[in-house]
Amino acid sequence: VQLQASGGGVVQPGGSLSVSCAASGFTFSSYPMSWVRQAPGKQREPVATITSGGRGIYTDSAKGRFTVSRDNAKNTVYLQMSSLKPEDTAVYYCSAKILGENYWGQGTQVTVSS
């Protein structure tokens, strides 16, 4: 299983950014995919999950501002973020739970700063 996140960067407060995660090594379309993030000095926290059927599930911090989507033909999951706040600054990871085991990809840094 390989998960590779990309697309992070620096954005001003109120701005938008999209990150993506390319997956391989498993039947991508069969599994929910999640985005989690970890800010400096804090524990990793969930952000959003997309079911195998394409339904997005969001934490309160992401609801209304973030949109999770997937392209099963490309084995890729996306996280579109808008109205970004400084507290959204973190390393963003995609993850998958396969046969009871959690897999994490290399994260991508998102920094919200003026």
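Just so you know, all these numbers are worked out from the coordinates, no wet-lab data involved. This structure is a prediction, so every number in the text was calculated from the model and none was measured. Methodologically, a virtual Cβ is constructed for each residue, glycine included, from the backbone with ideal geometry; neighbour enumeration extends over all protein chains shown.
Structure notes:
- A simple count of charges around G54, restricted to other residues whose Cβ falls under 15 Å of its Cβ and scoring Lys, Arg +1 and Asp, Glu -1, yields +2.
- Here the chain carries DSSP beta bridges of which approximately 90% are antiparallel, counting only pairs with both residues inside.
- Gaussian network model of the chain, Cα within-10 Å springs - most flexible of L84, L17, L99: L99
- Relative to the Cα centre, the charge distribution of the range 16-113, modelled as +1 at Lys and Arg Cβ and -1 at Asp and Glu Cβ, gives a dipole magnitude of about 100 debye.
- Distance between the C-alpha centres of the range 4-82 and the range 91-112: 9 Å, rounded to the whole angstrom.
- Listed by chain and number, the aspartates and glutamates whose C-alpha is less than 17 Å from the C-alpha of K85, apart from same-chain residues fewer than 8 away, are E45, D60.
- Only lysines eight or more places from K97 in sequence, or on another chain, were considered; those with a Cα closer than 23 Å are K42, K63, K74.
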